[in-house]
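Worksheet: the structure to be examined is printed underneath.
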Amino acid sequence: MNIFLDANICLDLLDTTRSTSNKSVQWYLEHKDDETLSFYFSADFITTIYYILTQKRKLNTTDTLDVIDELSMEINPHYLIHNDFISAKNFFFEQGFSDFEDLLILQSASRLDCAKFITNDKELLKLDKYLNIDIIKP
């Protein structure tokens, strides 16, 4: 089963000072060795993660790049394609969900045939489901 981790979950795994980190880390540790599961995150999150860790948490660039590299070896980065944009745009206008960036990531997860999208984002959690993906908290 494919599972997609939102940016906030990836940040929780890398920065344990975040308020939601304990639950995210606990959830991930309980599931990461399950060989029936494959984990993904959006490669577009790399820039966000880099910015937050270097600018907000003040980690040095070498350590930041090392932890992003480690994350990418354990959790597969998945890249957006143009069709993700088209599908997300269509859903945006048809369904009226207001966060286009989240729709873009969800569409990318859909292309991977992910069964679950793990997030702490309250607006995303209200969706409950995107196409065939269950949107859940860790």
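Loop-located trypsin sites (Lys or Arg not before Pro) in the range 53-138 (DSSP state other than H, G, I, E, B) with a sparse environment of at most 10 neighbouring Cβ atoms within 10 Å: LYS58.
Cα-Cα over 26 Å: which of LYS23/LYS58; LYS58/LYS89; LYS56/LYS137; LYS32/LYS129? Each step should come with its number before you reach the end.
Values: LYS23/LYS58 24 Å; LYS58/LYS89 35 Å; LYS56/LYS137 24 Å; LYS32/LYS129 23 Å.
The answer is LYS58/LYS89.
A simple spin-label model places the labels of ASP134 and GLN95 1.7 nm from each other, with each point 7 Å out along Cα-to-Cβ.
When the GluC sites (Glu not before Pro) in the range 1-78 are filtered for DSSP coil states and for at most 16 other beta-carbon atoms within 10 Å of their beta-carbon, the remaining sites are GLU35. For PHE41, the residues whose amide H sits under 5 Å from its own are LEU5, ASN76, HIS78, ignoring neighbours fewer than 5 places away on the same chain, with H placed 1.01 Å from N. Given +1 at the Cβ of Lys and Arg, -1 at the Cβ of Asp and Glu and no other charges, the dipole of the chain around its Cα centre is 400 debye to the nearest 20. Between the listed residues PRO138, PHE41, GLN55, the Cα displaced farthest toward the positive end of the dipole of the chain, a dipole computed from Cβ unit charges relative to the Cα centre, is found at GLN55. Helical runs assigned H by DSSP (4 residues or longer) give the chain a calculated mean residue ellipticity at 222 nm of -15500 deg cm²/dmol, each run adding -39500 (n - 2.57) before division by the residue total.
For LEU29 and GLU70 in the same chain, what is the full-extension length gain: residue separation times 0.36 nm, less their Cα-Cα distance, in nm? The partial results should precede the final answer.
Numbers: separation 41, 0.36 × 41 = 14.76 nm, distance 1.52 nm.
Extending this stretch completely gives an extra 13.2 nm.
Diffusion of the chain by Stokes-Einstein, at 20 °C in a medium of 1.002 mPa s and with Rh set to the Kirkwood radius over alpha-carbon pairs, works out to 140 µm²/s. Residue-wise HN-Hα couplings along the range 60-69, as the Karplus relation 6.51 cos²θ - 1.76 cosθ + 1.60 with θ = phi - 60° gives them from phi, are 6, 5, 4, 4, 4, 5, 5, 5, 5, 4 Hz; Gly and Pro carry x.
When DSSP beta bridges are limited to those with both residues in the chain, what percentage is antiparallel, rounded to the nearest 5?
Working: 2 of 16 bridges.
Restricted to the chain, the bridges split so that about 10 percent are antiparallel.
Placing dummy labels 7 Å off each Cα toward the beta-carbon, the span from THR48 to ILE81 is 2.2 nm.
All of the numbers you see were taken from the coordinates with simple rules; none came from a lab. Worth saying up front: this structure is predicted, and the values here are computed from it rather than measured. We place every Cβ from the backbone using ideal geometry, glycine too, and count neighbours over all the protein chains shown.
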